[in-house]
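Here's the structure, in structure tokens; my notes come after.
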Amino acid sequence: MERINLLGRTVAEMQDLMLEMGEKPFKGRQLFKWLYGANQPDFLHMTDLSLSVRHQLAEKYRFEGLVPEKISRSRDGTEKILFRLDDGNVVETVMIPEKAKKTICVSSQVGCALGCRFCATGKIGFKRNLTTGEIVGQLLFIRRQYGPDSFQNIVFMGMGEPLMNFPNLISSIGIISSELGLALSAKKITVSTVGLVPKIYELADTGLKVNLAVSLHAATDEKRRAIMPVSRGYILSELMDAARYFTRKRKKRITFEYILFEGFNDSFDDVLALSNLIKGIPCKINILAYNPVGSLPYNRPSDEKVDEFGRLLYPRAPAVTVRKSRGLDIDAACGQLAGKYLKSL
Ligand code: SF4
């Protein structure tokens, strides 16, 4: 009999599993803690469960994580892990060291349906959503490989649009932030979206204390439509209303990501349009120079241009940071994740 993989099961599901076995539900919490909190996949080592329960579990279940196919290391310390999934698809996860801390950039889908014109993942098209287990599995692998303190922050900014995989996003955040699970506070988790307006409201209403980052990249509907097809469905005024709602509910500022493309959105008029757009919203703006992707028709502005944009925006926005691209030499930077799908680009 094929043993069932418990990777991705929530604490409630593990309590149900114990009930089905005729055991008390609290044993499901113990099981959950062993599997995610202690990263112990071997049921026979779960010493606070009876021997009989351990053997029953080992007979029916397994807890198998993701298998890395390749790990690339950048000169700047960034690491990119390519995982081969059970169905042959691949996803990538990026570890970004920043001072003493490490941030993990997690993928939520194989490919992406939203087709942003500048993004390597968007070029792949949508393959499928990642399961809860495949999302959490990226982090469990890193903990297993690099130790329990191997990261302090998580950003859902890898392959895919996390809000398009909403149920699995929410259940994976539950496992990650549970004291019994990966025990990383939700406040250390950032969900990044291109701006799926109804889902931003839904995320705010979950009450989860996660952070929100909205990829803006242009401050007028016309320009945004030119690079992000999703913005045809949601105009900027609706997106700003959703952003305001999130900040009110979450009682925290949000982040707007703004990638600078040479000659497209990097002028003084763009500075003015952007500062006007975000007026009154508690926010920080992250400016990042575009990371070139193969033959895509966008260019990276000079470092001087990026700094100048930041300087001009700074007095007109609540907070501005100019982010450095990480992992450029291993195609691990923002918008470059494409697994092995885009060899021809
Ligand atoms: S930028 Fe994000 S939403 Fe847009 S295509 Fe790439 S992965 Fe999808």
Seminar exercise, completed: Between the Cα axis of helix 303-313 and the main Cα principal axis of the chain, the angle (0 to 90°, nearest 10) is 80 degrees
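Highest mean first, what order results for 313-322, 157-166 on Cβ atoms within 10 Å?
By packing density, highest mean first, the sequence is 157-166, 313-322.
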Problem set entry | Karplus 3J(HN,Hα) series, Hz, for region 268-277 with 6.51 cos²θ - 1.76 cosθ + 1.60 (x for Gly, Pro) | 5, 4, 5, 4, 5, 4, 5, 5, 5, 4
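Per-residue ellipticity at 222 nm for the chain, helices alone: DSSP H runs ≥ 4 residues times -39500 (n - 2.57), over residue total, nearest 500 deg cm²/dmol? Present the calculation step by step, with values, prior to reporting the outcome.
Values: 11 runs with 112 residues, N = 345.
One gets -9500 deg cm²/dmol as the mean residue ellipticity at 222 nm.
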Seminar exercise, completed: The distance between the Cα centres of region 150-164 and region 256-294, in whole Å, is 21 Å
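With N denoting the number of residues in region 67-330, provide Rg(C-alpha) divided by 2.2 N^0.38 Å, to two decimal places. Write down the numbers at each step before the final one.
Numbers: Rg = 17.7 Å, N = 264, 2.2 N^0.38 = 18.3 Å.
The value comes to 0.97.
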Exercise. At q = 0.09 Å⁻¹, what log₁₀ I(q)/I(0) does a Debye calculation on the Cα points of region 214-333 give, no solvent, two decimals?
Worked result: -0.24
Exercise. For ARG84, which sequence-distant residues (separation of 5 or more, or a different chain) have an amide H within less than 5 Å of its own amide H, given hydrogens modelled in the peptide plane?
Worked result: VAL67, GLU69
Problem set entry | GluC sites (Glu not before Pro) restricted to DSSP loop in region 127-214 with at most 13 other C-beta within 10 Å | GLU179
Problem set entry | Amide H contacts under 5 Å for GLU23, placed H, 5+ residues apart | none
Exercise. Please report, for the Cα atoms of region 4-62, the Rg to one decimal and the Dmax as a whole number; what are they, in angstrom?
Worked result: 9.9, 25
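Read-outs throughout are calculated quantities, based only on the coordinates presented, and are distinct from any laboratory measurement. None of these values were measured; they are calculated from a predicted model. For neighbour counting, all protein chains shown are included, and Cβ atoms are generated from backbone atoms with ideal geometry for every residue, glycine included.
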